[in-house]
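A.B. asks: The structure under discussion is supplied below as structure tokens; questions concerning it will follow.
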Amino acid sequence: MLISLNSGLPVSSASEFVPDRRATACITGHREKSILPYKGDPLFSDITVGAVKMMLYRHIDMAAERGYTDFISGLATGADLWAAEYIIRKKQTDPRIRLIGAMPYLRHAEHFPKDSLGLLEEVERAADVLLTVNTDPDIVYSKRGEASGLYRDRNFFMVDSSSAVIAFLNEGSFASGTSQTVNYAYRSGRLIARFGISEVYELIDRAGTDLRNIRRELAFLNNAFDTQP
């Protein structure tokens, strides 16, 4: 039996997972360190990150409004775990919602910042399905050889298991795992609901720097899932 090294919970092989693709969306996005503050002012760092989270949450709500019930998180720091945390909250009021955690390999959390391990454990414990794409308990990421594709394989698995992708992807971010995931989703004909930091800045321009106003402004966004690929 495979066991998470972070939560101690059982982990299944992704190869055994049979998704309902029509009802499944996966989430990909940048880490917090990639989020530049509004107007380049460090005083707006918290507001900017908060607005990114709210935009991400609104896209998850949009997906749920159009019938998506299963959400795959790649369990990375930043957007992946923020989305998973929100989905846990949605599960409390909507019993249809399921959270699927897909780790690239069992030791992936060894490089996590210490302040993210608690959230990762919370997400793993609340997940309806916890998977690993690579089942070798000793493998670790390397830039060369077989292990160089661990994160790519996780990203492709998420897209292959879904009919839609929710992506926080900045323009010009060509070398990131998020870009890799979105490009593969385009090639695979998936619906892509995408936003970047420029859309977040525009949101703050309209609503101001009060998170309550930002939340109200988000309610007027058109549903990104109304346009099929």
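No lab work stands behind these numbers, since they all come straight from the coordinates. All of these numbers come straight from a predicted model, not from anything done at the bench. Reconstructed Cβ throughout: ideal geometry from the backbone, glycine too, with neighbour counts over all protein chains shown.
A.B. asks: Lys and Arg at +1, Asp and Glu at -1: add these up for the other residues within a Cβ distance under 9 Å of V133 and post the number. Show your work: numbers first, answer last.
C.D. replies: Numbers: positive: R154; negative: D153.
Local charge sum for V133: 0.
A.B. asks: Once both axes come from the Cα atoms, what is the angle between helix 150-160 and the longest principal axis of the chain, in degrees from 0 to 90, rounded to 10?
C.D. replies: For 150-160 against the chain, the angle is about 70 degrees.
A.B. asks: Now for a separate question. Kindly provide log₁₀ I(q)/I(0) values, in the same order as q = 0.22 Å⁻¹, from the Debye equation applied to equal alpha-carbon scatterers of region 1-54.
C.D. replies: -0.86
A.B. asks: Now a separate question. Give me the Å³ per residue figure for the convex hull around the C-alpha atoms of the chain. Walk me through the numbers on the way to the answer.
C.D. replies: Working: hull volume 29.3 nm³, N = 229.
In the chain, the Cα convex hull volume per residue is 128 Å³.
A.B. asks: Report, for the chain, the % of DSSP beta bridges that are antiparallel, rounded to 5.
C.D. replies: 5
A.B. asks: At R96 and D205, where each label point lies 7 Å from the Cα along Cα→Cβ, what is the point-to-point distance in nanometres?
C.D. replies: My value for the distance between the label points is 3.6 nm.
A.B. asks: Take the chain, mark every one of the chymotrypsin sites (Phe, Trp or Tyr not before Pro) that falls in a DSSP loop and has at most 12 other Cβ within 10 Å, then report the longest stretch left between them, sites excluded. List each step's numbers first, then the result.
C.D. replies: Values: sites that count: F174, F220.
Of all site-free stretches, the longest is 1-173.
A.B. asks: Can you tell me the orientation of helix 79-93 relative to the chain, as the angle in degrees between its alpha-carbon axis and the longest Cα principal axis, to the nearest 10?
C.D. replies: Tilt of helix 79-93: around 80 degrees.
A.B. asks: Find how much the distance from R152 to L119 grows on full extension, using 0.36 nm per residue of separation minus their present alpha carbon separation; answer in nm with one decimal. Mind showing how you got there, number by number?
C.D. replies: Values: separation 33, 0.36 × 33 = 11.88 nm, distance 2.32 nm.
Using 0.36 nm per residue and subtracting the Cα-Cα distance, I get 9.6 nm.
A.B. asks: Would you mind calculating the relative contact order of region 70-229 from Cα pairs under 8 angstrom and at least 6 residues apart, reporting the percent as a whole number?
C.D. replies: That works out to 17 percent.
A.B. asks: Same structure, new question: How many angstrom lie between the Cα centre of region 1-57 and the Cα centre of region 194-227?
C.D. replies: Here the answer is 19 Å between Cα centres.
A.B. asks: Now for a different question. Which one, S45, L221, M103, projects farthest toward the positive side of the charge dipole computed for the chain from Cβ point charges (K/R +1, D/E -1)?
C.D. replies: Selected residue: L221.
A.B. asks: Sequence gap of 8 or more, or different chains, plus Cα separation below 23 Å: how many lysine pairs satisfy both in the chain?
C.D. replies: Values: K33/K53; K33/K114; K33/K143; K39/K53; K53/K90; K53/K91; K53/K114.
Number of lysine pairs found: 7.
A.B. asks: Follow-up. Helix-only mean residue ellipticity at 222 nm, the chain, DSSP H runs n ≥ 4 weighted -39,500 (n - 2.57), per residue, nearest 500. What is it?
C.D. replies: On the way: 7 runs with 90 residues, N = 229.
The helix-only estimate for the chain comes to -12500 deg cm²/dmol at 222 nm.
A.B. asks: First measure r as the distance between the Cβ atoms of V140 and L36, then evaluate 1/(1 + (r/R0)^6) with R0 = 30 Å and state the FRET efficiency to the nearest 0.05. It would help to have the intermediate numbers written out before the result.
C.D. replies: Numbers: r = 31 Å, r/R0 = 1.02.
Working from the Cβ atoms, E equals 0.45.
A.B. asks: Which angle from 0 to 90°, rounded to the nearest 10, does the C-alpha axis of helix 177-187 make with the longest principal axis of the chain?
C.D. replies: 90
A.B. asks: What is the magnitude of the charge dipole of the chain about its Cα centre, with +1 placed on the Cβ of each Lys and Arg, -1 on the Cβ of each Asp and Glu, and no other charges, expressed in debye to the nearest 20? Intermediate values should be presented prior to the final figure.
C.D. replies: Details: 27 positive and 29 negative charges, 60 e Å.
Dipole magnitude for the chain comes out near 280 debye.
A.B. asks: Any chance you could check the Cα centroid distance between region 107-128 and region 138-153 for me, in angstrom?
C.D. replies: 20
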